[in-house]
Amino acid sequence: MDIIFNCPFCDQELAADPVDSGTEIECPSCSKTIKIPAAGGTDVRSAPVATAAASPEPVAPAGGASTSPHRPMKEFTVPQRATSESLIQKPNRPLDVAAKDTGRHLRVKTIKHGDCVEVGKDKFDEVTTEFLAKIGDDNFVSITPVSYTHVDIGTQKFISDFAVVIVYKG
Ligand SMILES: [Zn+2]
């Protein structure tokens with residue numbers, strides 16, 4: 001039966017063999033030196049290990065024999081809990097984080113028809129075609145026509161015009 005105790009520094013739950021009570025170990029979590037506490041009782045030495053009759057391994061006499069008993073060293077382990085996964089379950093990644101992985105974001109480009117008219121020449125189709133060619137087929141997501149109204153600076157009249165909103169990856 002392992003001793004279950006918590007690291008006094010980082011509160012990491014640890015398990016140790018009762019025979020290691022009083023031994024100083026390095027916390028596997030925070031690397032600080034901690035002492036393994038006694039298993040409930042005050043006299044740890046009378047723990048089950050001391051009952052030599054039940055143990056097939058030789059126990060060194062109190063007189064101090066030169067050969068130390070070879071007891072397989074128990075690793076200090078962090079107890080595994082079946083519920084630990086759900087406790088530290090991460091939230092789903094937001095979509096923009098997923099997009100960052102590929103280095104590309106969804107972007108919007110609005111091309112106004114009015115901005116493409118230069119000295120009487122309507123370059124809207126040309127500008128839009130050029131932009132679509134620039135982003136490429138793979139990055140094109142959608143194109144949406146919109147109409148808008150603005151005040152013409154020269155005539156101070158309301159002018160209705162149209163634009164396209166292009167969604168693309170870039
Ligand atoms: Zn610790």
Please name all residue pairs, on different chains or six or more residues apart, with Cβ atoms under 7 Å, provided the first residue is in segment 9-22 and is more than 15 Å from ALA38 (Cβ to Cβ) and hydrophobic (A, V, I, L, M, F, W, C) and the second residue is within 13 Å of the ligand (Cβ to nearest atom) and assigned to a loop (DSSP other than H, G, I, E, B).
PHE9/CYS27; PHE9/CYS30; PHE9/LYS32; CYS10/CYS27; CYS10/SER29; CYS10/CYS30
SER147 versus (1) over 17 Å from VAL167 (Cβ atoms); (2) of a type in the set (S, T, N, Q); (3) surrounded by 12 or more Cβ atoms within 10 Å (Cβ to Cβ): which is the lone unmet condition?
(3)
Starting from residues that are at pLDDT below 90 and of a type in the set (A, V, I, L, M), keep the ones in segment 107-144 and report whichever is surrounded by the most Cβ atoms within 10 Å (Cβ to Cβ).
VAL117
Please indicate, with yes or no, whether at least one residue in segment 114-135 is touching a Phe, Trp or Tyr at 6+ places or on another chain (Cβ under 9 Å) and part of a strand (DSSP E or B).
yes
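The values are calculated or read from the model by the stated rules, or taken from the named source; none is laboratory data. All of these numbers come straight from a predicted model, not from anything done at the bench. Here Cβ is always computed from backbone atoms with ideal geometry, including for glycine, and neighbour counts include all displayed protein chains.
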